[in-house]
Amino acid sequence: MDAQARGPGPGDGREARGRRDLERLRVITRLFDQAIGIPGTPWRIGLDPLFGLVPGLGDIAGAVVAVYALNVGRLLGVPLELQLHMLTNIALDAVIGTVPVIGDLFDFVYKAQTRNLALIDGWLGAPHETIRRSRRGLLLLPLAILGVFAILTILGFWMLFIFFHWLFTLGSI
């Protein structure tokens with residue numbers, strides 16, 4: 001029996017829903033990352049950095065859109081490597097986004113939602129190339145984490161040095 005005689009399979013409705021949700025994601029991503037052009041510059045700003053000015057609101061809104069993007073990818077059958085790459089973008093945006101002012105500037109430049117949409121689009125257009133690039137990027141993830149921990153450790157020791165230096169100078173007064 002051919003596929004047309006059997007009717008739609010169980011995955012067909014899921015993919016159709018994924019395609020509809022992908023179009024919604026395009027609109028949301030544009031609104032979130034590139035809604036407003038800055039006059040006289042090639043830069044665009046969306047609601048994400050503006051929401052970030054209100055403590056907590058930007059993080060929650062970004063998380064909702066990010067989870068939606070992951071779900072769209074899952075519905076479309078995006079492989080695990082790409083989903084992990086999307087999670088990496090989300091985690092980087094969330095961690096740096098917690099730093100006041102710097103996080104808002106990072107949101108303006110990094111545009112995690114646009115990156116995740118580009119990953120899905122890239123996979124739909126050239127799946128093998130996109131997966132290969134995502135794997136390469138995921139190899140850099142442990143190095144980035146190690147670098148962050150090294151920097152935090154160095155800053156921690158520096159702060160301890162400053163603290164003890166201050167204590168000893170206090171005792172000599």
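The values are calculated or read from the model by the stated rules, or taken from the named source; none is laboratory data. Predicted model only: the values in this text are computed from it and were never measured. Quick reminder, even Gly has a Cβ in these numbers, built from the backbone with ideal geometry, and neighbours come from all protein chains shown.
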Inset, instruction - Write out, first by first residue and then by second, each pair whose Cβ atoms fall under 7 Å of each other, whose residues are 6+ apart or on separate chains, and whose first residue, in the stretch 100-113, is within 13 Å of Leu53 (Cβ to Cβ) while the second is assigned to a loop (DSSP other than H, G, I, E, B). - result: Asp104/Leu53
Inset, instruction - Just name the residue that is farthest from Val109 (Cα to Cα) out of those in the stretch 77-89 that are in contact with a Gly (Cβ under 8 Å, 6 or more places away or on another chain) and among the aliphatic types (A, V, I, L, M). - result: Leu82
Inset, instruction - May I ask you to list pairs of residues, at least six apart or on different chains, whose Cβ atoms are under 7 Å apart, with the first in the stretch 20-31 being at negative phi and touching a residue at least 12 places away in the same chain (Cβ under 8 Å) and the second being assigned to a helix (DSSP H, G or I) and of a type in the set (S, T, N, Q)? - result: Thr29/Gln113; Thr29/Thr114
Legend entry - Which listed residue is modelled with pLDDT under 85, outside any loop (DSSP other than H, G, I, E, B) and under 29 Å from Val148 (Cα atoms), from Asp33, Asp48: Asp48
Legend entry - Matching residues, the stretch 56-70, being surrounded by fewer than 20 Cβ atoms within 10 Å (Cβ to Cβ), over 16 Å from Asp121 (Cβ atoms) and in contact (Cβ under 8 Å) with a residue 24 or more places away in the chain: Asp59, Ala61, Ala63
Legend entry - Single unsatisfied condition, Ile60 versus (1) farther than 19 Å from Leu25 by Cβ; (2) in a helix (DSSP H, G or I): (1)
